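Notes follow once the structure below has been shown.
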Amino acid sequence: MLCFGCELNEFDAMKRFWMDDDEAISCLRLHGILPSKVTCPHCHSDCELRKERNIWQCLTKTKVGESKYRACGFTLNDREGTVLDKIDVSPWKLLLFFNHWLSRCWSYDLMASNLMLTNDTILTLSRLCFAVSQFWFDTQIPAKPFGGSGVVLEIDICHFDDLTEIEGWRQTVLGAYERHTDRLFFVLVEDVENSLIPVIQRYIQKGSILYTTDREDFLPLKEYGYEHRVVSASSTDQDINIRGIKSKWHGLRSWKRRIRKARREEKYHPRYLSRYLFVNYYLSPDRLHHFLRCVAEFAHESVPER
């Protein structure tokens with residue numbers, strides 16, 4: 001579910017946050033990246049946000065004499081203890097960096113020239129973004145299987161390889177799209193020949209109606225309790241198609257071009273893969289909202305609570 005006002009495409013976000021720290025801070029706080037409440041560790045009362053100084057301050061006073069009171073004095077920087085603790089970037093620039101990083105044609109040079117960010121800052125923010133997209137990919141797989149008796153799912157696999165200097169590097173991703181709910185998930189398949197059917201069995205319930213291409217790897221599905229329908233060019237039934245899941249492989253050529261420009265070490269390739277899948281998972285107006293939610297969830301897992 002989107003927050004109110006979060007239906008933003010790339011240009012809407014630029015218009016909303018450009019040089020407006022107050023609006024950007026409000027957005028970061030709304031999505032849980034900056035705190036909405038801080039409790040004093042000494043007197044356990046709620047602190048007050050001093051916006052002009054970007055700090056939380058405890059205003060509690062303790063009586064130490066008949067007419068004397070001592071202020072608690074506890075203060076905390078707004079970013080301290082958050083995922084943004086070590087990132088010295090204006091809030092509006094931070095959001096516009098996220099916004100552009102999520103576009104299909106993102107560019108380091110464009111971010112450096114328009115946001116006036118140093119190479120070190122861009123590298124730091126990029127590492128955070130890639131870590132968040134990898135966290136999302138690891139957690140988006142459903143806890144409960146999709147489908148069920150009579151439920152239609154479109155499934156397809158897509159091969160990702162770098163086509164450059166790392167001979168043999170290859171990742172295969174299974175995508176499944178549940179039509180009546182618009183739910184979707186991606187999962188890596190290590191060995192298509194031996195692991196594809198077990199992966200499908202793990203994440204999709206028996207009795208589901210599965211639409212696939214005519215790949216040989218999908219042909220045994222009927223033997224495992226699924227109703228299997230093969231999509232073919234000669235089919236007259238317009239409902240038998242896999243356009244929903246096929247649309248999620250959009251921009252594959254662009255992804256391969258990006259990989260060619262990336263460093264040649266294999267460790268960098270999963271980062272680009274998780275980013276590609278995140279961008280294709282969400283529609284443009286929803287993408288920034290869901291990414292900010294993922295940043296907050298990633299921070300909750302990786303940053304100790306205050």
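Suppose a student asked you for the relative contact order of the chain, using Cα pairs under 8 Å spaced at least 6 residues apart; what percent would you report?
Details: 420 pairs, mean separation 65.8, N = 306.
It rounds to 22 percent for the chain.
Using DSSP, restrict attention to beta bridges with both residues in the chain and report what percent are antiparallel, rounded to the nearest 5. Numbers along the way, then the final one.
Working: 25 of 33 bridges.
Rounded to the nearest five, the antiparallel share is 75 percent.
What spacing in nm lies between the two simple spin-label points modelled at residue 239 and residue 70, each 7 Å away from Cα in the Cβ direction?
Going from the residue 239 label point to the residue 70 one covers 7.6 nm.
Nearest 0.05, what FRET efficiency do residue 140 and residue 114 give at R0 = 30 Å with Cβ-Cβ as r?
Rounded to the nearest 0.05, the efficiency is 0.45.
Going by how many other Cβ atoms sit within 10 Å of their own, how do 37, 93, 61 line up, fewest first?
Working: 37 9, 93 21, 61 13.
Starting with the residue having the fewest Cβ neighbours, the order is 37, 61, 93.
Which links in 93/246; 144/222; 63/86; 144/246 stretch past 29 Å when you go from one Cα to the other?
Values: 93/246 34 Å; 144/222 22 Å; 63/86 37 Å; 144/246 23 Å.
The pairs that break the limit, which is 29 Å between Cα atoms, are 93/246; 63/86.
Taking the dipole about the Cα centre of the chain, with the C-beta of Lys and Arg at +1 and of Asp and Glu at -1, give me whichever of 58, 145, 284 is farthest to the positive side.
The Cα lying farthest towards the positive end belongs to 58.
Could you pull out the longest piece of the chain with no exposed loop GluC sites (Glu not before Pro) in it, calling a site exposed if DSSP puts it outside H, G, I, E, B and it has at most 16 other Cβ atoms within 10 Å?
81-164
Per 0.36 nm of contour for each residue apart, how much would the distance between residue 191 and residue 7 grow if the chain were fully extended, relative to their Cα-Cα spacing?
62.4 nm
Within a 10 angstrom radius of the beta carbon, how do 138, 156, 85 rank from fewest other beta carbons to most?
Working: 138 9, 156 21, 85 12.
Going from sparsest to densest Cβ surroundings: 138, 85, 156.
Amide H neighbours of residue 59 under 5 Å, at least 5 residues apart or on other chains, H built in the peptide plane: list them.
Excluding prolines and chain starts, which carry no amide H, the hits are 48.
How do 38, 295 line up, fewest other C-beta atoms within 10 Å first?
38, 295
Values quoted throughout were computed directly from the atomic coordinates according to the rules given, and no laboratory measurement underlies them. These figures come from a predicted structure and were not determined experimentally. Virtual Cβ from ideal backbone geometry, glycine too; neighbours counted across all protein chains shown.
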